[in-house]
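Q: Below is the structure I would like to discuss, written out as structure tokens.
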Amino acid sequence: MPTPSMEDYIEQIYMLIEDKGYARVSDIAEALAVHPSSVTKMVQKLDKDEYLVYEKYRGLVLTTKGKKIGKRLVYRHELLEQFLRIIGVDEENIYEDVEGIEHHLSWNSIDRIGDLVQYFEEGQERVDELRLVQKKNEEDQPS
Ligand SMILES: [Mn+2]
């Protein structure tokens with residue numbers, strides 16, 4: 001199992017390759033706001049653990065295992081963003097909150113959150129009802 005930090009790297013590398021067709025050390029460093037030397041170190045570890053292959057001329061290539069996990073990590077991030085949006089979290093908090101929780105939930109919880117997102121998506125009236133509860137709670141809060 002990859003560590004939270006490894007997960008962040010695999011997730012970013014997967015997205016970069018999806019978007020641009022390649023992932024350079026400098027792009028990864030920028031996306032994760034870390035020093036390029038940290039990226040090189042992690043890339044070596046990910047190579048050793050067979051998530052990717054570092055090829056001198058082609059750059060980084062995810063292995064089948066790396067791709068499979070990368071895809072799940074990107075899905076998990078997107079699902080959690082959807083979840084927070086549906087439950088009414090303010091847009092400005094969504095990205096950072098997902099970054100904070102994504103590594104700490106079991107896949108069991110992710111799947112059940114997936115069910116909940118689906119439940120709300122299948123009935124706008126369910127979302128509307130939730131908003132009414134939220135409105136009432138906010139009105140009841142002493143300011
Ligand atoms: Mn993420």
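Computed from the coordinates by the stated procedures, all read-outs in this text should not be read as laboratory data. What you see is a predicted model; the values in this text were computed from it and never measured. As a convention, Cβ positions derive from the backbone with ideal geometry for all residues, glycine included, and neighbour counts pool all protein chains shown.
Q: Going through Gly66, Gly70 one at a time, which residue ends up being touching a residue at least 60 places away in the same chain (Cβ under 8 Å) and in a helix (DSSP H, G or I)? Let's see the steps before the verdict.
A: Details: Gly66 fails: touching a residue at least 60 places away in the same chain (Cβ under 8 Å).
Checking each option against the conditions leaves just Gly70.
Q: Any idea which of (1) within 16 Å of the ligand (Cβ to nearest atom); (2) farther than 21 Å from Ile10 by Cβ is the one Val133 doesn't satisfy?
A: (1)
Q: Residue by residue through the stretch 1-42, note down the ones that are in a loop (DSSP other than H, G, I, E, B) and either more than 17 Å from the chain's Cα centre (by Cα) or crowded, with 17+ Cβ neighbours inside 10 Å (or both). Spell out how you get there, then give the answer.
A: If we filter the stretch 1-42 for residues that are in a loop (DSSP other than H, G, I, E, B), which is where we start, we get 1-3, 21-24, 33-35.
Pro2, Gly21, Tyr22, Ala23, Arg24, Val34, His35 - these are the residues of the stretch 1-42 that are in a loop (DSSP other than H, G, I, E, B) and either more than 17 Å from the chain's Cα centre (by Cα) or crowded, with 17+ Cβ neighbours inside 10 Å (or both).
Q: Does any residue in the stretch 93-107 that is touching a residue at least 24 places away in the same chain (Cβ under 8 Å) come within less than 6 Å, Cβ to Cβ, of a residue that is loosely packed, with under 13 Cβ neighbours inside 10 Å six or more places away or on a different chain, and which pairs are these?
A: What qualifies is His103/Pro4.
Q: Which of the residues that make up the stretch 65-103 are of a type in the set (Val, Ile, Thr) and either more than 28 Å from Leu132 (Cα to Cα) or within 13 Å of the ligand (Cβ to nearest atom) (or both)?
A: Answer for the stretch 65-103, where residues must be of a type in the set (Val, Ile, Thr) and either more than 28 Å from Leu132 (Cα to Cα) or within 13 Å of the ligand (Cβ to nearest atom) (or both): Ile69, Val74, Ile94, Val98, Ile101.
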